[in-house]
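Worksheet: one structure, shown below.
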Amino acid sequence: TAVHAMTDFFVLLMLAGAGDQLQGIKRGIMEMCDAMVITKADGNNTSNATRAKSEYASALHLFPAREDGWFPPVLTTSAIERKGIDEVVQLLAHYTTWMQERGLINQRRKKQNLDWLHEELRARIVEQFYNNTHVASQLKDIELLVAEGRISLSVGGRHAVEDARQHAGPDGAAT
């Protein structure tokens, strides 16, 4: 998800016959992709790749329509046989033009900037929290109480945050 948030075009590379044990993970990633490419579509794996392309294309139709109106295509490639690579490059050019015509590149940039702002805020808040000397001294006790089941983790978290808030300086920095 971090990669998706920082890219203009998210290509999901898949192997034919990769198994169903990762389906839950794949589902979440599939919902984010702008295109899917089945790799190693050559030799004895050609029919598997063709079948996988069809199956993944059908699966993508089961997801809710994207807000931007783009539907992720599924392609196959073979680096060994040098097949499908030009089609991926053409797709990228088409997608770029499609996004620019609709003003969606600028929207994506704005969303990316806000996502990075929120990530920066989270990092700074966590840093301030752990740099608070009072929290550091109390945290071991809270961890012990949670580990022993004497308090719930939500109560422990609440105590730690309240301690940090009470012992922060006027600028919010640790005291």
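Quick notes on this one:
Residues checked against (1) under 23 Å from the mean Cα position of the chain (by Cα); (2) within 30 Å of Ala41 (Cα to Cα):
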site	(1), (2)
Ala79	no, yes
Ile85	no, yes
Val88	yes, yes
His94	no, yes
Thr97	no, yes
Leu104	yes, no
Gln107	yes, no
Lys110	yes, no
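- Single residue of the range 18-77 satisfying the filter (open to solvent by 40 Å² or more (accessible area, probe 1.4 Å) and aliphatic (A, V, I, L, M)) that is modelled with the lowest pLDDT: Leu22
- Gln107 vs. criteria under 26 Å from Val37 (Cα atoms) and in a helix (DSSP H, G or I): yes
- Residue list for the range 143-160, filter: surrounded by 13 or more Cβ atoms within 10 Å (Cβ to Cβ) and under 22 Å from Ile125 (Cβ atoms): Glu143, Val146, Leu153, Val155, Gly156, Gly157, Arg158, His159, Ala160
- Enumeration of residues in the range 110-130 that are open to solvent by 90 Å² or more (accessible area, probe 1.4 Å) and of a type in the set (A, V, I, L, M): Leu114, Ile125
- Scanning the range 85-136 for residues that are within 30 Å of Leu75 (Cα to Cα) and among the basic types (Lys, Arg) gives Arg102, Arg108, Arg109, Lys110, Lys111.
- If the condition is being open to solvent by 40 Å² or more (accessible area, probe 1.4 Å) and of a type in the set (Val, Ile, Thr), then the range 131-142 contributes only Thr133.
- Any chance Arg165 is assigned to a loop (DSSP other than H, G, I, E, B) and open to solvent by 100 Å² or more (accessible area, probe 1.4 Å): no
The values are calculated or read from the model by the stated rules, or taken from the named source; none is laboratory data. Here the structure is a predicted model, which is why all the values come from computation and not from measurement. Cβ coordinates were reconstructed from backbone atoms using ideal geometry, including for glycine residues, and neighbour counts include every protein chain displayed. Surface areas here come from the heavy atoms of the whole protein model, side chains and all, with no ligands, DNA or RNA. Shrake-Rupley method; radii C 1.70, N 1.55, O 1.52, S 1.80 Å.
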